[in-house]
Amino acid sequence: MQRKHMTYWGLGVAAATLAIVALPLTTVQADTTEDPGTAALPVVVDAAADPAKAVVGRLDFASRTETSVQSVTVSIQRAHSHIGDPPLLRLTTADADGAPIEVMNAWSPLWVFTNDGQERLEIQDSGSGSFIVPFAANLASLTVEDIELGQTVAEVDLEGPIQDFCAANPGDPDCLEADLGVDSVSPTGPLFAVMGDAVDIPVASVVSNAGPDGPIDAEVTRSVVADPGLTVVPAAADTVDVAALAIGAPQTLERTYAVTCTAPGVHSVSFTTSIEPKLASVVDANTANDSLTEAFEVDCAVPVTINIQPGSTTNPVKLNSGVLPLAVLSTSAGEYGNPVAFDATTIDPLSVKFGSESVLLGGGGGTESHHKGHPERSLELDERTRDADLDLVLHFGPRTGVLTPSDTEGCVFGRFDGPTGSTAFFGCDAVHVK
């Protein structure tokens, strides 16, 4: 009973003593033919060269189920064995993914032996104690559970102390060093987006390991921040594992975001990629290249209503000849389902291009034949009504290269003088290509 009193009641001192006793001794075997009187003494291996280490966490118990972490350190002494410890508390060490590494019983610091004339066990209302567990390169956390209650009483993060230890001891055999970095973040997307319609923006991130150690398991986090006027899905950051990132062998990670314009104009969305070692025992001394942000501008176009071949219900379009008339209609908010009011007379005719949606998104399209617009009261989509608004009629020449026989819509993209300056617009109408 006295040994248990020494080991657990005075655990901070006793554990260190036990750890020293437990260090392995390696001897040089003397030649049995030598005279024992002149034989060399056994050589003890330097304790500092022994890779065995321990993590020591000291916890304060305010009650049986209320704890706080006082300190966590890495000791270069080997952890004592928990074999034979009573099933009062259960210690579980785990890696960064939460997978258990070791499970062991431990004495509770609330159970102490006193000696006021005779040794006896007392259970205290509060107390402090150290929990010593073996070091492991993939160690990340320690869970302390009250076995009888079946309740977790402490979750101890071990990654910070292990990182500090390895940063201070780069030559330790359990510690590695690697220069992880984000080489590039490359968002790509269409030339413009129409208000209310989501567009996909793929983002490719290139990460690498410049060594000196490798391959290294890493964690990559990708996040996005959008200006007002845009919504992004997914909006939450995500973290993915990159296994075995070898020296000089970059890896590319891709993630696609759905971006929707909620207001007209040019708005920015920023994409950030960050990298860090997955294991706390890996030190990245150069953190300047661990994160990179790239912005992507989204040109949010106002949806408009157009009438191709005003007066025709079939809108025949010849690819190689003739001039095609097209009216961009002035509309009030809500008219034809358009979200904002639009004055077609504010259009810059020289900015307008005509073609299929795919051609316009790629930056192509035919230009206005007369290099100007014609304000007039055009026919509405019913091909009978003319309202009081002034619309803008435009004309486009041969359609070869901007439409194909399989296209069923003709579209226009351009800019107008909006409340906040030059603003994009986009609209389509059905066509019958001949």
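Just checking the listed ones, Ile216, Ile247, Ile123: in the Gaussian network model of the chain with Cα springs under 10 Å, the one fluctuating most is Ile123.
For the chain, find the longest principal axis of its Cα atoms and tell me its angle to the long axis of helix 159-168, 0 to 90°, nearest 10. Between helix and principal axis, roughly 70 degrees.
In the stretch 304-433, the convex hull through the Cα atoms has an average projected area of 7.3 nm², a quarter of its surface area. Set against the 2.2 N^0.38 Å expectation for a compact globular protein, the stretch 55-119 has a Cα radius of gyration ratio of 1.34.
Among Glu66, Glu102, a tally of other beta-carbon atoms within 10 Å of each Cβ gives an order, fewest to most, of Glu66, Glu102.
State the Cα centre-to-centre distance between the stretch 169-244 and the stretch 340-375 in whole Å. Between the Cα centres of the stretch 169-244 and the stretch 340-375 lies a distance of 38 Å.
Take every pair of alpha-carbon atoms less than 8 Å apart whose residues are at least six positions apart; their mean separation over the length of the chain yields a relative contact order of 11 percent. Over the stretch 176-300, the pair-distance histogram of Cα-Cα distances with 5 Å bins from zero comes to 2, 11, 22, 20, 13, 11, 9, 6, 4, 1, 0 percent, rounded to whole numbers. Here the Kirkwood formula puts the hydrodynamic radius of the stretch 131-186 at 14.1 Å, using every distinct Cα pair.
Taking one quarter of the surface of the convex hull spanned by the alpha-carbon atoms of the stretch 91-205 gives a direction-averaged projected area of 14.9 nm². Return the percentage of antiparallel bridges among DSSP beta bridges fully within the chain, rounded to the nearest 5 %. That works out to approximately 90 percent antiparallel.
Reachable lysines from Lys353, Cα under 18 Å, same-chain residues fewer than 8 places away excluded? Correct list for Lys353: Lys318, Lys372. Using a simple spin-label model with pseudo-atoms 7 Å out from Cα toward Cβ, Asp227 and Ser270 lie 1.3 nm apart.
Helix 11-22 axis versus longest C-alpha principal axis of the chain: approximately 80°, rounded to the nearest ten. Per the Debye calculation on the chain with a single equal scatterer at every Cα and no solvent contribution, log₁₀ I(q)/I(0) for q = 0.07, 0.09, 0.11, 0.12 Å⁻¹ amounts to -0.61, -0.75, -0.91, -1.00.
Every number here is computed from the coordinates shown, using simple stated rules; none is lab data. Treat the numbers as computed from the prediction; the structure is a model and nothing was measured. Glycine also receives a Cβ, built like all others from the backbone with ideal geometry; neighbour counts cover every protein chain displayed.
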